[in-house]
Amino acid sequence: MKLKVLICSVISVLFFSNCQEKPKEDSIKANYLDFSKRDDQLTGGIKMIPIKTPKGTFNVWTKRVGNNPKIKVLLLHGGPGLTHELYESFDGYFPNESIEYIYYDQLGSYYSDQPNDNSLWTNERFVEEVEQVRIALGLDSSNFYLMGQSWGGILAMEYALKYQKNLKGLIISNMMASAAEYNAYAKDVLAPQMDPKILKQLQDIENNNDFDNPKYSELLFKHYYTEHILRMPLEKWPESINRCFKHINPNVYVYMQGHSEFGITGNATLKNWDVKARLKTLTVPTLSIGSKYDTMDPEHMKWIANEVQNGRFLFCPNGSHLSQYDDPKTYFPGVIKFLKDVDSGEFRKS
């Protein structure tokens, strides 16, 4: 009899706890697109956030999509100098899961102010910019997930290494932790895969410092980008990606990344960037994403997941650098599962 009473009690507790949890989830879903109590209702979620810098105050563009008090994902775009537009595929996936996400153009990018001052383009200043954006949007360790892709991954790592106490979760998408190893992968692994004649034409243009030659971009897009940036024929590239490339700020890009697409070269400021030795200090739950055809070594991305203290690796077998577009069936379920596992307390490192 006592055993029967105990079993009934346990069942009652489980049933009651499930009933308590479901209304919270239902409430988030029901209010996901309700802007009525927000100060950005008139602008559809867009806010221009003032950023203080050593060279004065400038404004950066942000746009919140959805309401979820527990999961808020700030998206750091690549480049440097590209735009939030490379993330627009998220519109087809995150709302279905009631995940709040924030588009954001970093200072110097198309929708934000674009001061003509190279002293502003440093990792340290960008980190402080992200911190000011976080504060302005009211994000904290109870709900703040930071997701960065490519250069955005560099920025995400740098931010976490200084401010991980503010994070609930970190996502590093398609970015290695060492510029030198990225360069070596481009030179020793990816370049030899190209048609030798095409590769020589590209190398000749680079050696002659003739980057304004339209042939350079033509060859890159046709023979390199469609293999390692976005694995689709150019005529089928999504409009959002074409718009993103159209809106690039070449001054910021070249100053930090350099002209060449085969690694970070010349006097680019990111040429010697490396945080490998510091990653072991990260304790925040971290998802590292690598793709088979990426410009970044997927084995290095797997290493990152093992090097941080609470890491998980997501491998996209059909993806390249923009695997949210060419391997969405792997990319989005993996990202969504990470967010929900961390939120529910069920996250386990791989």
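Pull up the stretch 185-200, narrow it to residues that are part of a helix (DSSP H, G or I) and free of Cβ contacts under 8 Å to residues at least 60 places away in the same chain, then point me to the one that is surrounded by the most Cβ atoms within 10 Å (Cβ to Cβ).
So the residue we want is L199.
For G148, are the conditions met, namely being among the small types (G, A, S), open to solvent by less than 10 Å² (accessible area, probe 1.4 Å), outside any helix (DSSP H, G or I) and at pLDDT 95 or above?
yes
Can you list residue pairs whose Cβ atoms sit under 7 Å apart, with the first residue in the stretch 320-345 being within 16 Å of N68 (Cα to Cα) and the second being assigned to a helix (DSSP H, G or I)? Count only pairs 6 or more apart in sequence or on different chains.
Here the result reads I336/E97, each pair linking the stretch 320-345 to a residue that is assigned to a helix (DSSP H, G or I).
Could you list, in sequence order, the residues of the stretch 214-273 that are among the polar types (S, T, N, Q) and outside any loop (DSSP other than H, G, I, E, B)?
Within the stretch 214-273, S217, T226, S240, N242, N251 qualify.
Taking the options T281, T286, name whichever one is open to solvent by less than 30 Å² (accessible area, probe 1.4 Å) and modelled with pLDDT of 95 or more.
T286
Collect the residues in the stretch 289-306 that are open to solvent by 40 Å² or more (accessible area, probe 1.4 Å) and among the hydroxyl-bearing types (S, T, Y), keeping them in residue-number order.
Across the stretch 289-306, the qualifying residue is only Y293.
Find all pairs meeting these conditions: Cβ atoms under 6 angstrom apart; at least six residues apart or on different chains; first residue within the stretch 88-102 and more than 14 Å from F338 (Cα to Cα); second residue assigned to a strand (DSSP E or B) and hydrophobic (A, V, I, L, M, F, W, C).
Within 6 Å, the pairs are Y101/V65; Y101/V73; I102/L74.
What tally of residues in the stretch 322-349 results from selecting those that are out of contact with any helix residue (DSSP H, G or I) (no Cβ under 6 Å at 6 or more places or on another chain), in a loop (DSSP other than H, G, I, E, B) and not basic (K, R)?
Adding up the residues that qualify gives 4.
Step by step: first the residues of the stretch 160-184, then only those that are of a type in the set (G, A, S) and open to solvent by 30 Å² or more (accessible area, probe 1.4 Å), then the one that is farthest from the chain's Cα centre (by Cα). Which residue is that?
Looking at the filtered set, the residue picked out is A184.
Do any residues in the stretch 108-137 that are free of Cβ contacts under 8 Å to residues at least 40 places away in the same chain and over 17 Å from G81 (Cβ atoms) have Cβ atoms under 6 Å from those of residues that are open to solvent by less than 50 Å² (accessible area, probe 1.4 Å) and among the β-branched types (V, I, T), where the two are at least six apart or on different chains, and which pairs are they?
Taking only residues 6 or more apart or on different chains, not a single pair turns up.
Per-residue answers, yes or no, for (1) open to solvent by 60 Å² or more (accessible area, probe 1.4 Å); (2) more than 16 Å from the chain's Cα centre (by Cα):
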| residue | (1), (2) |
| --- | --- |
| S98 | no, yes |
| S112 | no, yes |
| N118 | yes, yes |
| V133 | no, no |
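Out of T269, T265, report the one residue that is in contact with a Lys or Arg (Cβ under 8 Å, 6 or more places away or on another chain) and farther than 28 Å from V335 by Cα.
None of the others qualify; the one that does is T265.
The values are calculated or read from the model by the stated rules, or taken from the named source; none is laboratory data. On a predicted model such as this, the values are computed, not experimentally measured, just so you know. Here the Cβ is made from the backbone with ideal geometry for all residues, glycine too, and neighbour counts use every protein chain on show. Heads up: the accessible areas ignore ligands, DNA and RNA and are worked out on the full protein's heavy atoms, side chains in. Shrake-Rupley method; radii C 1.70, N 1.55, O 1.52, S 1.80 Å.
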